[in-house]
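Just so it is clear, none of the values below were taken in a lab; they were calculated from the coordinates. Computed from a predicted structure; not experimentally measured. Glycine also receives a Cβ, built like all others from the backbone with ideal geometry; neighbour counts cover every protein chain displayed.
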Amino acid sequence: MKAFVVDRIADVDAPPLGPHDLRIAVHAAGVNRADLLQSQGLYPPPAGASEILGLECAGIVREAGEHVLGWARGDRVMALLAGGGYAQEVVVDAGSAMHVPPALSDEEAAAIPEVFLTVFLTLFQLARIEEGESVLIHGGGSGIGTAAITLCKLAGMRVLVTAGSDEKCARCIEHGADVAINYKSEDFVERAKGVNVILDHIGASYLPRNLQALAAGGRVVLIGSMGGVRTAEIDVTAILGKRQQIIGSTLRSRPVHEKAALVASFLERFGDPLREGRVRPVVSEVMGFDRVADAHRLMASSEHFGKIVLRW
């Protein structure tokens, strides 16, 4: 099979199929910032995972392991991966796969697993956000941000976002956000004061200000450190007094049984809107796998809105 390896498309061996696995003929794969970090040597795959880039894909089932139920050859499938999505074939535990509803194209399906499952894990399971609460999403125009807007509005939350331009703020409002804050010209602490939950990929450099913006009993979930700073000075007394929580999370390294449980819970909560097409990603660009470098440059520039997708 062909795969994108290091900086080019090359022939590689197809991965072996285990008894609980699906072999997927990949039609499209989502691009994530983790792919850029891995290509720079900053985010190695978990032990036993493919060294090939790619954390999500969509295609058709080519083969199912002997213990797999509910899947047949030719079924449309989208899957959360620990690696290997930038290839013509990938093998994944069946618990990490979801059926693609007719409402979604392959490109849309490939842009769902990583971001929507990350949002569901962090906001709905870890932060336990509830209907009527407010949430601040940093990077509202990103894949994670647009997915978070979609799920939180479906679940009845008030959604505030930050973005780096007035144009992106306007697009976030069009996508369903209630408030959009241009972090380059406005103070998000003042605009978002009293929010219940914050989803943050910037990390330490934002943490003290996130805590200032949080309401009593508020929760901030950290899913990245794009700010480049690893440590922060925070007022512990204030955290105690306001009963705030700081939660850290990654998805990629979780064991397959946890991912299977996450997928099942996501489908239980949002399966109907997914099948109806009300849960769908914002796809900014679709590029061929011969343009991986261009896709990564666009991702690094943050000039896109929503998801970037690669297609064979």
Study note, to complete from the structure: Cross-link reach from LYS2 to lysines, straight Cα distance under 26 Å and at least 8 residues apart if same chain, gives LYS307
Point to revise | Built amide H within the under 5 Å cut-off of GLY248, gap 5+ | key: LEU222
Practice item. Only one of the values [x] 40, 22, 17; [y] 39, 24, 20; [z] 33, 20, 19 was calculated from this structure for semi-axes √(5λ) of the Cα gyration tensor in Å; name its label. Key: [z]
**Study point:** Proximal charge balance of PHE266 [Cβ under 13 Å; K/R count +1, D/E count -1]
**Key:** -1
Check your understanding: Which of rounded, prolate, oblate describes the range 67-113, given a ≥ b ≥ c as roots of the alpha-carbon gyration tensor eigenvalues and a/c under 1.5 marking rounded, otherwise prolate only if a/b is larger than b/c?
Key -> oblate
Check your understanding: Charges only on Cβ, +1 for Lys and Arg, -1 for Asp and Glu: so what's the dipole of the chain about the Cα centre, in debye to the nearest 20?
Key -> 500
Review point. By how many nm would the segment from VAL229 to GLU51 grow when fully extended, if each residue of separation counts as 0.36 nm and the alpha-carbon distance is taken off?
Key: 61.4 nm
Study note, to complete from the structure: Quick note on CYS57, CYS169, CYS152, ordering by fewest other C-beta atoms within 10 Å, gives CYS169, CYS152, CYS57
Practice item. For LYS153, list the aspartates and glutamates whose Cα falls under 12 Å from its own Cα; do not include residues on the same chain fewer than 8 positions away. Key: GLU130, GLU131, GLU133, ASP178
Check your understanding: Under a 5 Å amide H to amide H cut-off, with H placed in plane at 1.01 Å, what residues pair with GLY54 once short-range neighbours are removed?
Key -> GLY84, GLY85, TYR86
Point to revise | Cβ-based exposure ranking for VAL115, VAL283, VAL229, in which fewest neighbours within 10 Å come first | key: VAL229, VAL283, VAL115
Revision key, fill the gap. From the Cα centre of the range 1-58 to that of the range 167-198, the distance in Å is 34
Exercise for review: With everything on Cα atoms, drop me the angle between helix 166-175 and the longest principal axis of the chain, reported from 0 to 90° to the nearest 10.
Suggested key: 70
**Study point:** Calculated [θ] (222 nm, deg cm²/dmol) that DSSP helices of n ≥ 4 give over the chain, each run adding -39,500 (n - 2.57)
**Key:** -8000 deg cm²/dmol
Exercise for review: Let me know the shape class of the range 1-118, please: from the alpha-carbon gyration tensor, a ≥ b ≥ c as square roots of the eigenvalues, rounded when a/c is under 1.5, otherwise prolate if a/b is greater than b/c, or oblate.
Suggested key: prolate
Review point. Does the range 182-241 come out rounded, prolate or oblate by the C-alpha gyration tensor, with a ≥ b ≥ c the root eigenvalues, rounded set by a/c under 1.5 and, if not, prolate when a/b is larger than b/c and oblate if not?
Key: oblate
Revision key, fill the gap. Helix 256-276 sits off the longest principal axis of the Cα atoms of the chain, rounded to the nearest 10 on a 0 to 90 degree scale, by 80
**Study point:** the chain: angle of helix 292-301 to the longest principal axis, Cα-based, in degrees nearest 10
**Key:** 0
**Study point:** the range 104-229 - percent relative contact order, Cα under 8 Å, separation 6 or more
**Key:** 22
Point to revise | Those aspartates and glutamates that a straight Cα-Cα span of less than 15 Å connects to LYS259, excepting residues fewer than 8 apart in one chain | key: ASP21, GLU56, ASP93, GLU114, GLU268
Revision key, fill the gap. Fewest-first ordering of GLU276, GLU114 by Cβ atoms within 10 Å yields GLU276, GLU114
Point to revise | Mean separation of Cα contacts under 8 Å, 6 or more apart, over the residue count of the chain: relative contact order % | key: 19
